[in-house]
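Chemist: This is the structure, below, for whatever I ask next.
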Amino acid sequence: MASCKYDWPAAGQRDAIGKSTDRIDGPAKVSGRAKYTYDINRPGMLFGKMLTCPHAHAKIKSIDVSPALKHPGVKAALVIQDVGSEIQWAGDEIAAVAAVDEATAEDAVRLIRVEYDVLPHLVREENLSKDGDRAKPAGEQKVGDPDKAFADPEAVISEGFYGIPVITHCCLETHGNVVEWRGADSILTHSSTQNVSGIPSQLGAALRAKKINVQDSNIETICQYIGGGFGSKFSIDRWGVVAAELSKQAGGKPVKLMLDRDEDLEVAGARPSYFGHVKVAASKDGTLTAWSSETWGTGGPGPSGVPPVPYILTNIPNIYKKHTSVSTNIGPARAWRAPNHPQACLMTLAALDDLAAKLAMDAMEFLQKNIHLAPSYLVNTYQQELSKAAELSEWSKYWHPRGDKTPGHLKRGLGVSLHTWGGRGHAGSCNVIVRPDGSVTVQSGTQDLGTGTRTVIAVVAASTFGLPVDAIQVEIGDSRYPFDGASGGSTTVGAASAWTRRGSVDALNELFAAVAPSLGVQANQLEARDGRIQVQGNPSKSLSWKDACAKLGAKTIHTVGKNPGPCNLGSVGVGGVQVADVTVDTETGKVKINRLVAVQDCGLIIDKLTAESQVYGGLIMGVCYSLFEEKVMDQTIGRMLNANMEFYKLAGIGDIGGELIVHMMTGPGYDERGVIGLGEPPVISPGAAISNAVANAIGVRVSQLPLTPRRVLAALAKGGIA
Amino acid sequence: MKIRVKINGVTREDDVEPRLLLVHYLRELAGLTGTHIGCETSICGACTVLMNGAAVKSCTVLAVQADGSEITTIEGLSGRNGQLHPLQQGFWEEHGLQCGYCTPGMILAAHQLLSRNPHPSRAEIRKALEGNLCRCTGYQHIVKAVEWAAEKVRAQAEHA
């Protein structure tokens, strides 16, 4: 294959690429110097607070913010949704104030008077028969002849009900912004966002719709550090627009409007639920023959999303599936890390695990036998990953048929799951600047969610220029830099690595052209290695990086790197396999994680440390939604009962007693695919793997996540080992 | 009410409202925003600081309760020349962070542990950090970071 000028270097010549590099933003974060949006304190800053609706469904009859405006210390107050507006969820924003401090703003909000006409609501959807006309068809599909396949007298059939509730994002930093007007026609926002380059045009459009004239080019958004996003922070959101309006009303003073924790949990992020009855069939030798599912879920007032089932094994010859979307008053859905996949994964892999148990087959063997039904480009990957996961989890030693028969109340079990994701780099760009003193800067309007964007940029630029990683100055998180796409869907590392590479190769070629005459060769005979520009293969004819850059004289090199662009630097479509090893206490119903094994492919790795960290983080988030997380809604009052972190529980360090074993698939067969994103994949499988492990331990399926003690004990009461 | 608090070695006097929380006092009056706000209700530990050497969740302490005390925040942990404390270095070296929002609280909770127990086992580290939540890193590297720091602190003590 002909080489392309931007191609990744061959193995052995990649310098820092693929090795473990400490994140370059580490010192700022461990010393408290990193400023998150919540930490931005601007001169003369006011604090914004909102009045939210206490009803799940209501119409506003009257509203009066004037008492708030008269309160000492209040500088602005406004109505967000006026008389006649129909409110679709509790916690929706009704009015707002800005005051000199947070406590005064809270006092003032309490003075706002609103009257509502309360309307009927629906906030629980898990019983489809009670959902009435809120339930709407959302797709039906038939492949082959499922009726015939299920009627085959030789077929082994398993039927089950499975469910995964609505959960929230629960970012440790809540949503919000600090917004200020810089004169009559210019705005600066500090925003907790996954979408630095996208915020100005969102805010501009929203304000112009309210007849507040400002053009996008006069809006600057900054986000240097963010305390979590997970798919919930792509938008300026209504509260960001409100902060801009409050600031304008207060003469341009900065307004900090961060959501309180309860507001954040109630309105700023929900992953759609997914419930369903599944029937699967296989021939006696374990070959899958048919899938049938009738599923439903809610994404709040909007559509629920349609999880892709059967997951992974899409080439099952006979398929019937039907999905129903239930409109509820629980608050709007937001993309949650790997949208639709964890739901589809649980529905499919739990059903298949139950079928394997009915066939009296080893679950790992069952997946190997049927993996040819996966998309062809992933079959080989899955075969290798299943073997690796079996090896690392000591599957043959610890796996047993359903129900741990050892005496006592502690039952151990193993479960396996697999997943896929796209992960192609999004469209974006950067500046690469090489100055005559040898300093190198890469600038982009991208963001680092903690995933390591800064470090990836530095590693790629350093490896291209033959410099140490700390020689690269990375400037991101400001919309004045070149546009980059939002960080969602595992698209950032593919984009950032590619635009940095293209911009850096072009910059290096300009430097070669400037240096070539003094080394007496053509520019294309030069290479950058070990901090020097040298004649290829001849280090004795060389200049140090600094001396080479000095040849630029008064000129500074400035190139723009873009993605997409020439040469294939990235790809799409990864596979991963995970195994969970759990112990269930059959007296208390408590599930303990002993080990989680994650085997993951993501093409060419740029920084092994940040890549592995993504997998560790995905596993923990997976444990959280498998064991603890649920947005608990009360049908009587229509509100979330656990809108705080005491009862919206996340896994603490004591909940993960066991070891997390992460193995990245790298080397020949993987690296040449180029860079593929990794944020979503590792969070997809834990639900199914842990649910399957619990079934393996106690001999009965706990049909719904999270696997709380109550649900485990209820399942045991219906059967199981004991 | 008038209060006098020594923060990171510097004494401040302020007239504060009785309802002002220590976390807001530190962030808004003293300008020390490395102490983060997460859950607001003493669950997540992002706002952990040292009060007379003991780790406290500053969202549950009133500023007036801190009158007369010595407070150490994450900004006060580094040395005079800005060199990182072994715990800060450990969290960086061992990759005990991603977004970093929980990190200052984690480090200060771990600081209390090491001041009481220079040789903590992995189980003791987990026990000591039970009041601090992390949403994105996974805890494995955090345990390693504290182990790394414990060893470094012991080595420094032997040299001294």
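The values are calculated or read from the model by the stated rules, or taken from the named source; none is laboratory data. This structure is a prediction, so every number in the text was calculated from the model and none was measured. For neighbour counting, all protein chains shown are included, and Cβ atoms are generated from backbone atoms with ideal geometry for every residue, glycine included. The area values use the complete protein model at the heavy-atom level, side chains included, leaving out ligands, DNA and RNA. Shrake-Rupley method; radii C 1.70, N 1.55, O 1.52, S 1.80 Å.
Chemist: Report, in order of residue number, the helices in chain A meeting two criteria: a C-alpha extent of 20 Å or more along the helix axis, and a mean Kyte-Doolittle hydropathy of at least 0.0; treat each whole DSSP H run as one helix.
Modeler: Details: long enough: A:341-358 (25 Å, 0.48); A:376-392 (25 Å, -0.42); A:492-519 (39 Å, 0.46); A:608-627 (29 Å, 0.67).
For chain A, where a helix must reach 20 Å along its axis and average at least 0.0, the hits are A:341-358, A:492-519, A:608-627.
Chemist: Rounded to the nearest whole Å³, what is the per residue volume of the convex hull around the Cα atoms of chain A?
Modeler: Values: hull volume 122.5 nm³, N = 722.
Taking the convex hull of the Cα positions in chain A, it is 170 Å³ per residue.
Chemist: If I model a spin label at residue A:387 and residue A:405 as a point 7 Å from the Cα along the Cα→Cβ vector, what separation in nanometres do I get?
Modeler: 3.2
Chemist: On full extension of the chain, what length is gained from residue A:127 through residue A:182, given 0.36 nm per residue of separation minus the C-alpha to C-alpha distance?
Modeler: Values: separation 55, 0.36 × 55 = 19.80 nm, distance 5.25 nm.
Contour length minus Cα-Cα distance gives 14.6 nm.
Chemist: Further, regarding this structure: Report ³J(HN,Hα) in whole Hz for each residue of segment A:472-483, in order, from the Karplus equation J = 6.51 cos²θ - 1.76 cosθ + 1.60 where θ = phi - 60°; Gly and Pro get x.
Modeler: 9, 8, 10, 10, 9, x, 9, 5, 6, 7, x, 4
Chemist: Could you pull the accessible area for residue A:546 with a 1.4 Å probe, rounded to 10 Å²?
Modeler: Residue A:546 exposes around 130 Å² with every protein chain in place.
Chemist: Using alpha-carbon pairs under 8 Å, 6+ residues apart, how would you state the relative contact order of segment B:86-159 in percent?
Modeler: On the way: 81 pairs, mean separation 37.1, N = 74.
Computed value for segment B:86-159: 50 percent relative contact order.
Chemist: For segment B:86-159, place one equal point scatterer on every Cα, skip the solvent, and apply the Debye formula. What is log10 of I(q)/I(0) at q = 0.15, 0.18, 0.26, 0.28 Å⁻¹?
Modeler: -0.41, -0.59, -1.25, -1.44
Chemist: Consider a paramagnetic label point 7 Å from the Cα of residue A:42 along Cα→Cβ; state which residues of segment A:140-183 have an amide N under 12 Å from it.
Modeler: Only A:177-183 fall inside the zone, counting backbone N under 12 Å.
Chemist: Let me ask you something else. Please list 3J(HN,Hα) in residue order for segment A:152-158, calculated via the Karplus relation 6.51 cos²θ - 1.76 cosθ + 1.60 where θ = phi - 60°; whole Hz, with x for glycine and proline.
Modeler: For segment A:152-158, the Karplus curve yields 4, x, 7, 6, 9, 10, 10 Hz.
Chemist: Chains A and B: what accessible area do they bury, summed, in square angstrom to the nearest 100, with a 1.4 Å probe? Can you show the working numbers first?
Modeler: Details: alone 27270 and 8880 Å², together 31780 Å².
Counting protein atoms only, the buried area is about 4400 Å².
Chemist: Still on this structure, I have one more. Counting GluC sites (Glu not before Pro) as exposed when in a DSSP loop with at most 15 other beta carbons within 10 Å, what is the longest stretch of chain A free of them? Before the final figure, lay out each step's value.
Modeler: Numbers: sites that count: A:154, A:394, A:587, A:646.
In short, A:155-393.
Chemist: Mind checking which lysines have their C-alpha under 25 Å from residue A:541, skipping anything on the same chain fewer than 8 residues away?
Modeler: A:5, A:551, A:555
Chemist: Taking Cα pairs under 8 Å and at least six residues apart, what relative contact order does chain A come out at, in percent? Walk me through the intermediate numbers first.
Modeler: Details: 1878 pairs, mean separation 120.1, N = 722.
Relative contact order of chain A: 17 percent.
Chemist: Follow-up question, since we're still on this one. Roughly speaking, what is the stretch gain from residue A:588 to residue A:470, that is 0.36 nm per residue apart minus the C-alpha to C-alpha distance, in nm to one decimal?
Modeler: Numbers: separation 118, 0.36 × 118 = 42.48 nm, distance 5.19 nm.
Going from the current span to full extension adds 37.3 nm.
Chemist: For residue A:358 and residue A:136, what does the FRET efficiency come to when R0 = 35 Å and r is the distance between their Cβ atoms, rounded to the nearest 0.05?
Modeler: Result of the calculation: an efficiency of 0.55.
Chemist: Ignoring any ligand, DNA or RNA, what whole percent of the accessible area of chain A comes from carbon and sulfur when the probe is 1.4 angstrom?
Modeler: Working: 13180 of 25170 Å².
Answer for chain A: carbon and sulfur cover 52 percent of the accessible area.
Chemist: Further question: Quick one: if you stick a label point 7 Å off each Cα along the C-beta vector at residue A:115 and residue A:544, how many nm between them?
Modeler: 8.1
Chemist: Separate question: Would you work out the charge dipole size for the protein assembly as shown about its Cα centre, treating the Cβ of every Lys and Arg as +1 and the Cβ of every Asp and Glu as -1, and quote it to the nearest 20 debye? Can you show the working numbers first?
Modeler: On the way: 87 positive and 90 negative charges, 96 e Å.
In debye, rounded to 20, the protein assembly as shown gives about 460.
Chemist: How far apart, in nm, are two points set 7 Å out from the Cα along the Cα-to-Cβ line at residue A:397 and at residue A:100?
Modeler: Going from the residue A:397 label point to the residue A:100 one covers 6.8 nm.
Chemist: Further question: Under 16 Å Cα to Cα from residue A:59, which lysines show up? Leave out anything in the same chain fewer than 8 places away.
Modeler: none
Chemist: Same structure again: Which Cys residues of chain A have no other Cys beta carbon under 4.7 Å away?
Modeler: A:53, A:170, A:171, A:223, A:345, A:430, A:549, A:602, A:624
Chemist: Any idea of the accessible area per residue across segment B:2-76, 1.4 Å probe, to the nearest Å²? Write out the running numbers ahead of the final one.
Modeler: Working: 2980 Å² over 75 residues.
For segment B:2-76, the solvent-accessible area averages 40 Å² per residue.
Chemist: Straight-line reach from residue A:279: which aspartates and glutamates have Cα under 16 Å away, leaving out those fewer than 8 places along the same chain?
Modeler: Here the aspartates and glutamates satisfying the reach criterion relative to residue A:279 are A:140, A:145, A:147, A:152, A:154, A:159, A:294, A:353, A:354.
Chemist: From Cα pairs below 8 angstrom and at least 6 apart in sequence, can you work out the relative contact order of segment A:468-539, rounded to a whole percent? Walk me through the numbers before you get to the answer.
Modeler: Values: 28 pairs, mean separation 11.9, N = 72.
Computed value for segment A:468-539: 17 percent relative contact order.
Chemist: While we're looking at this one, here's another question. Less than 16 Å from a label point 7 Å out along the Cα-to-Cβ axis of residue A:218: which backbone N atoms in segment A:229-263 qualify, by residue?
Modeler: A:244-245, A:247-249, A:251-253
Chemist: Within chain B, how many Lys pairs that are eight or more residues apart, or on different chains, come under 18 Å at the alpha-carbon?
Modeler: Value for chain B: 4.
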